[in-house]
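The block underneath contains the structure these notes are about, expressed in structure tokens.
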Amino acid sequence: MPADAGNTRRREAREVFMKIGLAVSAAVVLALAAPAGARADALVEFKVMTPETALILARAALEDCRAKGFQVAVAVVDRFGVLQVTIRDRLAGPHTPGTARRKAWTAVSFRSDTVSLAETTERGDASGVRFVDQVLMLGGGVPVQAAGAVVGGVGVSGAPAGTEDDACARKGIEAVQTDLEF
């Protein structure tokens, strides 16, 4: 057999093996990609505030109320209503930390501020929601949003009125809003 014929057969065999290798590689990639796509559809991604951001928000709300002469407690919850931070000023009443947490929880749960919720649920069919466990329809709870999604909530308790609690909560949110935009 001439030397050129042997080289040609070896070259042809290499090409066949390369084609088989490419086909097997492509099949493996496709087989692995299909389940990955299916798993991705079964999961949800979401954002939450870091504890550091929640603390900055709480401190800013507390300082705003202090500047107005109010002794308050501030609670920040994540998007699921789980407590992240609570701060109680020295002379705030003993009920204020729990009240602030419930206001924050209510704001996150209903995705609305509690001043509006208090008005909406005062009478009529919507009033029944006031009997849901942990709900507190008093002003001072505000959802924290970033890019249109609720990422947490803040509740303030201890100012002379719910609208004043609400104003302090909103000042806290203003302090972190730039950091939350993503």
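The values are calculated or read from the model by the stated rules, or taken from the named source; none is laboratory data. Treat the numbers as computed from the prediction; the structure is a model and nothing was measured. FYI the Cβ positions are ideal-geometry reconstructions off the backbone, even for glycines, and counts take in every protein chain you see.
Structure notes:
- Only one entry of Thr86, Thr53, Thr99 meets the criterion of being assigned to a helix (DSSP H, G or I), in contact with a helix residue (DSSP H, G or I) (Cβ under 8 Å, 6 or more places away or on another chain) and more than 12 Å from Ala169 (Cα to Cα), and that entry is Thr53.
- Filter result for the condition that a residue is surrounded by fewer than 23 Cβ atoms within 10 Å (Cβ to Cβ), of a type in the set (D, E, K, R) and in contact with a Ser or Thr (Cβ under 9 Å, 6 or more places away or on another chain), over Asp165, Asp179, Asp133, Asp125: Asp179
- Among the residues of the range 138-158, those that are crowded, with 24+ Cβ neighbours inside 10 Å and farther than 18 Å from Arg79 by Cα comprise Gly139, Ser157, Gly158.
- Residue pairs meeting the criteria (Cβ under 6 Å; at least 6 apart or on separate chains; first assigned by TED's automatic domain parsing to the domain that holds Glu63 and of a type in the set (Lys, Arg), in the range 80-103; second surrounded by fewer than 22 Cβ atoms within 10 Å (Cβ to Cβ) and part of a helix (DSSP H, G or I)): Arg88/Pro97
- Only residues that are surrounded by fewer than 24 Cβ atoms within 10 Å (Cβ to Cβ) and in a helix (DSSP H, G or I) were counted across the range 58-78, and they come to 6.
- Hey, Ala167 in contact (Cβ under 8 Å) with a residue 60 or more places away in the chain, small (Gly, Ala, Ser) and more than 15 Å from Met49 (Cβ to Cβ) or not: yes
- Any hit, the range 131-150, residues being in a helix (DSSP H, G or I) and more than 22 Å from Gln177 (Cα to Cα): yes
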